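Everything on this sheet refers to the single structure shown next.
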Amino acid sequence: MTAVPEFTVIIPTHNHARLLPYAVHSVLAQTLESFELVVIGDGVGDDTRDVVADLSRNNKQITFVDRPKSPRTGEPYRHKELLRRDTPYVTYLSDDDLLLPDHLEHTREMLATHDLVHGFGLHVDATGSLVLELVDLGQQWFRQGELEHTSYVSLTAMGHTMAAYRRLPYGWRTTPPGKFTDHYMFQQFLSDPACRVSTLRRPTALKFPLIFRRTWTDDEREREIAMWASRLSDERGRVTLLCEVINLLHHQAISSVHALEMIAATRTWRLRNRLVALRRLMQR
């Protein structure tokens, strides 16, 4: 009897045949080896079919689900595949992003005490610079913002328990026009007050948002992801990445302190402090 893997990793794909192998290899390089990888084709071409056939030829961990193009991003296909599985944990990866080798390890650690986790929020902009998005779904005000209007969440590095998924009223479903697919799904989780949510405490994935690369050629995109994949495959490269993230955090912290000092120096803020002090005197 085959043992049930700990993780189901889902990669939805449509038309990124040249980028998909890098995403897949970043999953196969995980230090936690108890996983199955499900590549869900949403109206793919023969080029993608050929790529997945090559990747899965000698690897039983990879399953390819080939489906017709859906109205959005194949959300119902994801739902159907999850209902067929008994793995305790689920995580996702966009077909043009990369996971660091310890992603599954850290996600499992967080899911031991949470139902849903969000990625650390690290992406590469069009100039090749790292950008850190300060997201913490563990904070109630941030969670409430995601429920009401904001959308900082993304599919890559999203993780949840299978038990929490099965408690949802719908699960993955076709997203209405005008809404982001990933945000729509996160809101379903976040609408349950009992859902324990957090954000990963270290970078375990690297995103390459398409919004900054719409005019790029396939050659340009592949050169970029190949360079980063090579860098992340080397321990020294990963250490350098963590150092760069620490520098980003330090810079953002200093910028926040400077902004607060600028506010404190304004006449309006000084007047506000005087009024607060006066009120305290009157209450004595």
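The values are calculated or read from the model by the stated rules, or taken from the named source; none is laboratory data. Note that the structure is predicted; figures quoted are calculated from it, not measured. Ideal geometry is used to build each Cβ from the backbone, glycine not excepted, and the neighbour counts take in all protein chains shown.
Determine whether residue 48 is outside the structural domain of residue 163 (by TED's automatic domain parsing), farther than 20 Å from residue 159 by Cβ and among the hydroxyl-bearing types (Ser, Thr, Tyr).
No; evaluated as a whole, the condition is false for this residue.
Does the stretch 98-107 include one or more residues that are touching a residue at least 12 places away in the same chain (Cβ under 8 Å), within 17 Å of residue 162 (Cβ to Cβ) and within 15 Å of the chain's Cα centre (by Cα)?
Checked the stretch 98-107: at least one residue is touching a residue at least 12 places away in the same chain (Cβ under 8 Å), within 17 Å of residue 162 (Cβ to Cβ) and within 15 Å of the chain's Cα centre (by Cα).
Residues of the stretch 113-131 being of a type in the set (D, E, K, R) and more than 20 Å from residue 100 (Cβ to Cβ), which ones?
Correct list: 115 only.
Considering the stretch 7-27 alone, what residues qualify as being more than 16 Å from the chain's Cα centre (by Cα), buried (at least 17 other Cβ atoms within 10 Å of the Cβ) and either not assigned by TED's automatic domain parsing to the domain that holds residue 61 or not in a loop (DSSP other than H, G, I, E, B) (or both)?
The answer is 20, 21, 22.
Which one of these does residue 258 not meet: (1) part of a helix (DSSP H, G or I); (2) farther than 29 Å from residue 28 by Cβ; (3) at pLDDT 95 or above?
(3)
Within the stretch 171-180, which residues are surrounded by fewer than 19 Cβ atoms within 10 Å (Cβ to Cβ) and in contact (Cβ under 8 Å) with a residue 40 or more places away in the chain?
Scanning the stretch 171-180 gives 171, 173, 174, 175.
Given (1) within 25 Å of residue 193 (Cα to Cα); (2) outside any strand (DSSP E or B); (3) of a type outside the set (A, V, I, L, M), where does residue 81 come up short, assuming only one miss?
Of the numbered conditions (1) within 25 Å of residue 193 (Cα to Cα); (2) outside any strand (DSSP E or B); (3) of a type outside the set (A, V, I, L, M), the odd one out for residue 81 is (1).
Every residue, every condition in (1) surrounded by fewer than 16 Cβ atoms within 10 Å (Cβ to Cβ); (2) more than 24 Å from residue 249 (Cβ to Cβ), yes or no:
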residue	(1), (2)
35	no, yes
112	yes, yes
118	no, no
134	yes, no
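Name the pairs: first residue in the stretch 125-150 and within 18 Å of residue 185 (Cβ to Cβ) and hydroxyl-bearing (Ser, Thr, Tyr), second residue at pLDDT 90 or above and surrounded by 12 or more Cβ atoms within 10 Å (Cβ to Cβ), Cβ to Cβ under 9 Å, at least 6 apart or on different chains?
150/183
With the checklist (1) in contact (Cβ under 8 Å) with a residue 24 or more places away in the chain; (2) in a helix (DSSP H, G or I); (3) assigned by TED's automatic domain parsing to the domain that holds residue 103; (4) surrounded by 17 or more Cβ atoms within 10 Å (Cβ to Cβ) in hand, flag the one item residue 241 doesn't pass.
Tallying (1) in contact (Cβ under 8 Å) with a residue 24 or more places away in the chain; (2) in a helix (DSSP H, G or I); (3) assigned by TED's automatic domain parsing to the domain that holds residue 103; (4) surrounded by 17 or more Cβ atoms within 10 Å (Cβ to Cβ), residue 241 fails exactly one: (3).
Quick check on my filter: what residues within the stretch 43-76 are part of a helix (DSSP H, G or I) and in contact (Cβ under 8 Å) with a residue 60 or more places away in the chain?
Selection gives 75, 76.
Could you figure out which of (1) more than 13 Å from residue 32 (Cβ to Cβ); (2) surrounded by fewer than 17 Cβ atoms within 10 Å (Cβ to Cβ) isn't true of residue 93?
Every condition holds for residue 93 apart from (2).
Is it true that residue 143 is under 29 Å from residue 81 (Cα atoms), modelled with pLDDT of 95 or more and charged (D, E, K, R)?
Considered against the rule, which asks whether it is under 29 Å from residue 81 (Cα atoms), modelled with pLDDT of 95 or more and charged (D, E, K, R), residue 143 comes out as no.
So, in the stretch 175-231, how many residues would count as being touching a strand residue (DSSP E or B) at 6+ places or on another chain (Cβ under 9 Å) and of a type in the set (Asp, Glu)?
Looking only at that region, the number is 2.
So, in the stretch 197-211, exactly how many residues are at pLDDT below 95 and more than 13 Å from the chain's Cα centre (by Cα)?
Of the residues in the stretch 197-211, 2 are at pLDDT below 95 and more than 13 Å from the chain's Cα centre (by Cα).
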